[in-house]
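Everything below concerns the one structure shown next.
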């Protein structure tokens, strides 16, 4: 597999779960669990990109690599651009963006993203999706959907129920839920700050629409393995703790 690097953007600011990256996940900070999981992918390097000395300290104490970035970033992608420049990564290399609150991303999916980029030399980005069979989730604006062409190129991402049906019936078997994992070519990622302002991004509050509207080629495929939800709330954190306890063969809530 071609050279690839994993970057993990992480910041302390979180309204629903204060100091989220440092939250305890079965004896280790959440961000350290994310880093450990990414290392298992076989990436040429795994780096946490952060503006927090507390996050940096936790990762370094665990033996991880950190790149310090500025505080003025409006998105994780913007932070990645600075990180790539500071690290001096080769323009032909591939970058996988793993969010700092997703410690259970399957290693197979990280490698799948890189394979998608390798298979299409014209692609700027790659991402994943899973089949959605729940009509309520299809209508839920918190669940991002995508549609793609027959060649596996993303056409649109939306919080709206797409594809829409004239009779409002659920289009079972046709709905794809977007998984927020991305891979980029370095030479594409560094062009991100130059992309034109995107009204679609503002309307939908979906950063990837900036790339869509700019004409970027985004390849996508069904995730090879189920991708568990990340950690946004204390409830999510408790669920992730139970998951890790089960994987370690430990009692969950006092039950073996």
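Table for the structure above
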read-out: Overall Cα dimensions of the chain - principal axes, largest extent first, Å; value: 53, 48, 35
read-out: For segment 181-256: rounded, prolate or oblate by the Cα gyration tensor [a/c cutoff 1.5]; value: prolate
read-out: Once the Cα gyration tensor of segment 102-178 is diagonalised, semi-axes √(5λ) in Å; value: 25, 16, 10
read-out: Sequence of 35, 216, 129 once ranked by neighbouring C-beta atoms within 10 Å, starting from the fewest; value: 216, 129, 35
read-out: Rounded, prolate or oblate (a/c below 1.5 giving rounded, otherwise prolate when a/b exceeds b/c) for segment 165-224 by Cα gyration tensor; value: oblate
read-out: Packing-based ranking, highest mean first, of 200-206, 178-184, 244-250 given that Cβ atoms within 10 Å are counted; value: 178-184, 200-206, 244-250
read-out: Kirkwood Rh and Cα Rg combined as Rg over Rh, evaluated for segment 67-209; value: 0.98
read-out: Length added when fully stretched, residue 242-residue 150, from 0.36 nm per residue minus Cα-Cα; value: 29.2 nm
read-out: Ascending count of other beta-carbon atoms within 10 Å, so fewest first, for 81, 48, 107; value: 107, 81, 48
read-out: Taking all pairs of distinct alpha-carbon atoms in segment 61-118, Kirkwood radius in angstrom; value: 13.3 Å
read-out: Rotationally averaged projected area of segment 14-89 (alpha carbon convex hull; nm²); value: 5.5 nm²
read-out: Fewest-first ranking of 145, 20, 2, using other Cβ atoms within 10 Å as the exposure measure; value: 2, 145, 20
read-out: Longest to shortest principal axis, alpha-carbon extents of segment 1-128, angstrom; value: 40, 31, 27
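Readers should treat all values here as calculations from the given coordinates under stated rules, not as data from a laboratory. Bear in mind the structure is a predicted one, so any value in this text is a computation, not a measurement. With ideal geometry, Cβ positions are generated from the backbone for all residues, glycine too; neighbour counts draw on all protein chains shown.
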